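Undergrad: The following block contains the structure, expressed as structure tokens.
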Amino acid sequence: MIMRRRLLFLMLSLAGFAPVGRAQIVRGGSSAPATPTDTVSPFELGRRAQRDFELFRRLHLPYQSTGRSPSQCDERVGRFCYWYDERSPGAPPEPGEITAKRNVLIALLDSLGHIAPGERWIVAQRVRYLVEADRGRDALTAATECKVGGWYCDIMIGFAQHMLGDYRAADSVYEVAIAKMLVRDRCVWRDLGYLIDEDTRQSYRRLPCASKERIAYEDRVWFLSKVLYSTDGNDSRTEWYARMTYVEMMRDAAGVYQFGFDDDERELLLRFGWPRAWARGRGDPRTGEYNTVGHEPSPAYRFIPPGYVLNNPTISDSTDWAVQLPPVVGRYSPTYAKSLKPLVHQKAMFRRGDTALVVMAYDARNMPELDSTAITAALVVSPTSAVRGFSVVHKKAPRNDVITVKAPWGPLIMSAEVWSPDRSAVRRARYGMAPPFAVGTRVTLSDLLFYEPYGDFPTTVEEVVPHALSTEKVRAGDKLGVYWEAYGTEPTGEPMKVSLTVVREVEESGFLRRQAKTLRVVTEATPVSITVQDMSARGSSTSPRALQLDISTLSKGAYVVQLEVEVAGQYVVRADHRIEIVVR
């Protein structure tokens, strides 16, 4: 009786919410007029109010002179025309009358949520509209009050945590929820089909659902897809789960778009996210109908890397990780990366037994979006089969610095990251790394590490690191220090002929670039070149070496520094590194 009286009070207090027809009660799939003895369930009361709110919102959307004709769409998703343009105006402000109506709806849903904490539809709408009203903490509270059995409450909690930016907690909660699901539900929630290109999708579909191979592939894809490898949790994965949660929220619920939530809107939502604002677009003066324009978060970046990167990340170059590289199958707009630009840096990899020592130097002093703010700098490297990286993270990092990380020796993927949490600005460099190519040779070479000459010739990486250049751009007229290591030399000592040559860079076709063969060099008439006769280090199988180059004769442009080492007059091994000469 207490519950019935409270429902009656709510119905009377909300009589002016929006015009509605006669009260209807569903019995066995049919409807009948309400009588004084009938009661309305919390679900029916909430659904009616929610439907009326969305109708009110649709009728009072602000006008915006934007929209695209079918021929101007970036993509057609069923009945939807999708386009992405960061230069287009954002959504107009939401009218205050819509905000006020939402607040009334939220108050009702809060009351119904306390009456029926086990009603999943009410829980979902309560969390949904609290997040929409930018009341994330209240949404999390509402989610924790959920009393629905199984995994439903977990996904609501994970959704609220994700929207609050607590990705580590959201990742953990969603993992628990997925584990509770039936196998068929788990497969649907983990399915990457909407986010990968057609060729990759075909090979992915051949992996049996819930098989170890498919799960391992999905976990690896989500690791590779993270915007920042150095952060806790995986916000790319929880963004996907949040979208799947939003799909659950839209079941039996009205939305802003007409005709109800269908497969077209579901695909649009899963690929590009749900709109955070809406406007009334172009209309037809003959019928009075108009288009509803949804505004997803912007800027938004490619959600998952291209298939050829997923399959062979260690041979990818920085171009392959471009955040707007077409075709963009899905997008994600992380709140911490409103600006995402390339990081100017230098890196080199050295061998220490079965361990790789990766050196990365950066300089953030000429990055305006990072001026006068605390920055975090990180270096993360990972083998091809891992789902987590080996990392070093420096909070409150200096503006320019050198970071070193150790990881298992072999092909790796590297992510160098500098960002400002306060400015939501990120600078990133990401690409594959592999030991210099050599087959059937006893002696191999490290990468070349450029440094600013300081008087002495370094004999260890530790000596050269403080002087490492933080960019591959070198001013004309400067001297260029080059450090490297040769591995596998005879500890008793053996002759080595060392040649360093600087030649202009020649870029070949896009096809070869996709094969990680971007750079080729051609001999110029008068290249910068040094050749010396040397002896390998005695008492060690590693021979560290350094030389200085006079590049004052080189004009502005891109070059390649190529090292050739002829071992005991028998064979030649090579390594190279790109530089760019700039005017002083």
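Undergrad: Within the range 553-575, how many residues are of a type outside the set (F, W, Y) and over 16 Å from T501 (Cβ atoms)?
TA: Taking the range 553-575 and keeping what is of a type outside the set (F, W, Y), we get 553-558, 560-570, 572-575.
Checking the rest, the ones that are also over 16 Å from T501 (Cβ atoms) come to 555-556, 567-570.
So the count comes out to 6.
Undergrad: For the range 406-436, name all the residues that are farther than 15 Å from V309 by Cα, surrounded by 21 or more Cβ atoms within 10 Å (Cβ to Cβ), of a type outside the set (S, T, Y) and under 22 Å from the mean Cα position of the chain (by Cα).
TA: Hits for the range 406-436 are A416, E417, V418, W419, A425, V426, R427, R428.
Undergrad: Shifting gears a bit: Scan the range 293-321 and report the pairs whose first residue is of a type in the set (F, W, Y) and whose second residue is assigned to a loop (DSSP other than H, G, I, E, B), with Cβ atoms within less than 6 Å and a gap of 6+ or a chain change.
TA: Pairs that qualify, where the first residue is of a type in the set (F, W, Y) and the partner is assigned to a loop (DSSP other than H, G, I, E, B), are Y301/V323; F303/G330.
Here's the yes/no breakdown for (1) over 25 Å from M250 (Cβ atoms); (2) within 35 Å of the chain's Cα centre (by Cα); (3) modelled with pLDDT under 95; (4) not aliphatic (A, V, I, L, M):
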site: I2; (1), (2), (3), (4): yes, no, yes, no
site: F17; (1), (2), (3), (4): no, no, yes, yes
site: F53; (1), (2), (3), (4): no, yes, no, yes
site: T66; (1), (2), (3), (4): no, yes, yes, yes
site: C73; (1), (2), (3), (4): no, yes, yes, yes
site: V104; (1), (2), (3), (4): no, no, no, no
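Undergrad: Also: Output the residue which, of all residues in the range 238-255 that are among the small types (G, A, S) and not in a helix (DSSP H, G or I), is surrounded by the most Cβ atoms within 10 Å (Cβ to Cβ).
TA: Step one: of the range 238-255, the residues among the small types (G, A, S) are 242, 253-255.
If we keep only those that are not in a helix (DSSP H, G or I) too, we end up with 253-255.
Working: A253: 18, A254: 20, G255: 23.
Ranking the qualifying residues of the range 238-255, first place goes to G255.
Undergrad: Something else: Return the residues of the range 491-506 that are farther than 16 Å from Q562 by Cβ and surrounded by fewer than 17 Cβ atoms within 10 Å (Cβ to Cβ); say none if nothing qualifies.
TA: Residues satisfying the conditions are P491, T492, G493, P495.
Undergrad: Looking only at strands (runs of 3 or more DSSP E) that lie completely in the range 522-584, which have at least 1 residues being on the phi > 0 side of the Ramachandran plot and under 44 Å from the mean Cα position of the chain (by Cα)?
TA: Values: elements: 528-535, 542-550, 557-567, 571-582.
Where strands (runs of 3 or more DSSP E) fall fully within the range 522-584 and carry at least 1 residues being on the phi > 0 side of the Ramachandran plot and under 44 Å from the mean Cα position of the chain (by Cα), they are 557-567.
Undergrad: Under 20 Å from Y257 (Cα atoms) and either β-branched (V, I, T) or modelled with pLDDT under 95 (or both): does that describe V131?
TA: Working: under 20 Å from Y257 (Cα atoms): yes; either β-branched (V, I, T) or modelled with pLDDT under 95 (or both): yes.
Against the criterion (under 20 Å from Y257 (Cα atoms) and either β-branched (V, I, T) or modelled with pLDDT under 95 (or both)), V131 qualifies.
One line per residue, one yes/no per condition, for (1) among the aliphatic types (A, V, I, L, M); (2) closer than 30 Å to W278 by Cβ; (3) surrounded by fewer than 21 Cβ atoms within 10 Å (Cβ to Cβ):
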position: L207; (1), (2), (3): yes, no, yes
position: E213; (1), (2), (3): no, no, yes
position: A216; (1), (2), (3): yes, no, yes
position: F223; (1), (2), (3): no, no, yes
position: S236; (1), (2), (3): no, yes, no
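Undergrad: Report yes if G260 is surrounded by fewer than 20 Cβ atoms within 10 Å (Cβ to Cβ), on the phi > 0 side of the Ramachandran plot and either part of a helix (DSSP H, G or I) or out of contact with any Phe, Trp or Tyr (no Cβ under 8 Å at 6 or more places or on another chain) (or both), otherwise no.
TA: Values: surrounded by fewer than 20 Cβ atoms within 10 Å (Cβ to Cβ): yes; on the phi > 0 side of the Ramachandran plot: yes; either part of a helix (DSSP H, G or I) or out of contact with any Phe, Trp or Tyr (no Cβ under 8 Å at 6 or more places or on another chain) (or both): yes.
Yes: the conditions hold for G260.
Undergrad: Scan the range 457-471 and tell me whether some residue there is touching an Asp or Glu at 6+ places or on another chain (Cβ under 9 Å), modelled with pLDDT under 95 and among the acidic types (D, E).
TA: Taking every residue of the range 457-471 in turn, none turns out to be touching an Asp or Glu at 6+ places or on another chain (Cβ under 9 Å), modelled with pLDDT under 95 and among the acidic types (D, E).
Undergrad: Here's another thing I want to ask about it. Say whether the condition of being in the same structural domain as A91 (by TED's automatic domain parsing), closer than 18 Å to S225 by Cβ, of a type outside the set (S, T, N, Q) and out of contact with any Gly (no Cβ under 7 Å at 6 or more places or on another chain) is met by at least one residue in the range 270-288. So that I can check it myself, show each step before the final result.
TA: Let us first name the residues in the range 270-288 that are in the same structural domain as A91 (by TED's automatic domain parsing), namely 270-288.
From what is left, the residues that are closer than 18 Å to S225 by Cβ are 270-273.
In the following step, the residues that additionally are of a type outside the set (S, T, N, Q) were identified as 270-273.
Subset that is out of contact with any Gly (no Cβ under 7 Å at 6 or more places or on another chain): 270, 273.
Yes, the range 270-288 contains a residue that is in the same structural domain as A91 (by TED's automatic domain parsing), closer than 18 Å to S225 by Cβ, of a type outside the set (S, T, N, Q) and out of contact with any Gly (no Cβ under 7 Å at 6 or more places or on another chain).
Undergrad: Something else about it: Any residue at all in the range 318-340 that's part of a helix (DSSP H, G or I), of a type in the set (G, A, S) and touching a Pro at 6+ places or on another chain (Cβ under 8 Å)?
TA: yes
Undergrad: Go through the range 430-456 residue by residue and tally those that are under 21 Å from P491 (Cβ atoms), among the small types (G, A, S) and either in contact with a Pro (Cβ under 9 Å, 6 or more places away or on another chain) or modelled with pLDDT of 95 or more (or both).
TA: 1
Undergrad: Can you find even one residue in the range 560-579 that is charged (D, E, K, R), at pLDDT 95 or above and closer than 21 Å to V359 by Cβ?
TA: Among the residues of the range 560-579, not one is charged (D, E, K, R), at pLDDT 95 or above and closer than 21 Å to V359 by Cβ, which makes the answer no.
Undergrad: Please work out if D199 is modelled with pLDDT under 95 and either outside any loop (DSSP other than H, G, I, E, B) or within 30 Å of P313 (Cα to Cα) (or both). Write out each step before concluding.
TA: On the way: modelled with pLDDT under 95: yes; either outside any loop (DSSP other than H, G, I, E, B) or within 30 Å of P313 (Cα to Cα) (or both): yes.
Against the criterion (modelled with pLDDT under 95 and either outside any loop (DSSP other than H, G, I, E, B) or within 30 Å of P313 (Cα to Cα) (or both)), D199 qualifies.
Undergrad: Can you confirm whether the range 285-303 contains a residue that is over 17 Å from the mean Cα position of the chain (by Cα), crowded, with 17+ Cβ neighbours inside 10 Å and not in a strand (DSSP E or B)?
TA: Looking through the range 285-303, none of the residues is over 17 Å from the mean Cα position of the chain (by Cα), crowded, with 17+ Cβ neighbours inside 10 Å and not in a strand (DSSP E or B).
Undergrad: Further question: Need pairs with beta-carbon distance below 7 Å; first residue crowded, with 19+ Cβ neighbours inside 10 Å and within the range 448-469, second in a helix (DSSP H, G or I); sequence gap 6+ or separate chains.
TA: L449/V464; Y451/V464; Y451/H467; P458/V464
The values are calculated or read from the model by the stated rules, or taken from the named source; none is laboratory data. Since the model is a prediction, treat every value here as computed from it, not as a measurement. Because the Cβ atoms are built from the backbone with ideal geometry, glycine has one as well, and the counts that use them run over all protein chains shown.
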